[in-house]
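Presented below is the structure to which this report refers.
The values are calculated or read from the model by the stated rules, or taken from the named source; none is laboratory data. These numbers were taken from a predicted model, which means no experiment stands behind them. Quick reminder, even Gly has a Cβ in these numbers, built from the backbone with ideal geometry, and neighbours come from all protein chains shown.
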Amino acid sequence: MTRGVFVERERETVTSPAASFDEFVLTHQAGLVRYAALLAGSATQGEDLVQEVLVRLYPRWDQLAEPLPYVRRSITNEFLSWRRRWSTRHIHAVPDQMLQHVQAAATWRAPDPELWEQLQRLPRQQRAAVVLRYYEDLDDDEIGEVLGCKAPSVRGHISRGLATLRASITTWEEDDHA
């Protein structure tokens, strides 16, 4: 019986880290770019955020047990520190093969322009929490993992973000009726 298990393990094919990375990118790129674009305020900046994170993670890709939460958190951290490191940011070339698969921005539609504008005015932590909840459909614990905080803090960020958005919507409605 032990020999049978050993033989089965020998027959298993091990995929290379590059193959699993390519599969991950093809499967999750559109959602990651959408998330990053909502955080950053534009599709091109979102693509840059995702690219920056994926380029830095690729060398140690085979060490990640659960890549999606880790990549989301990395994108969020990159977004939160983007302006602090703007002058030292490095641009990495992307192979032409990757560019052939990038069509996420072309298939994604931006939210309502007024909502988009108000979302960009939220503080970064609140914006990230609201986007993760309502665009990525993550629960408090998952958002907490991405933002590096506990669930009560997540609920506070979302609550304050929504209160700000509600107040701005009320202001729009009053301006429209005046």
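So here's what we get for this one:
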read-out	value
Contacts under 6 angstrom Cβ, first residue in the range 110-135 being assigned by TED's automatic domain parsing to the domain that holds residue 158, partner at pLDDT 85 or above and not in a helix (DSSP H, G or I), 6 or more apart	132/138
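This table checks each residue for (1) closer than 21 Å to residue 138 by Cβ; (2) modelled with pLDDT under 85; (3) not in a helix (DSSP H, G or I); (4) not assigned by TED's automatic domain parsing to the domain that holds residue 132.
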| site | (1), (2), (3), (4) |
| --- | --- |
| 23 | no, no, no, yes |
| 26 | no, no, no, yes |
| 55 | no, no, no, yes |
| 60 | no, no, no, yes |
| 69 | yes, no, no, yes |
| 78 | yes, no, no, yes |
| 93 | no, yes, yes, yes |
| 98 | no, yes, no, yes |
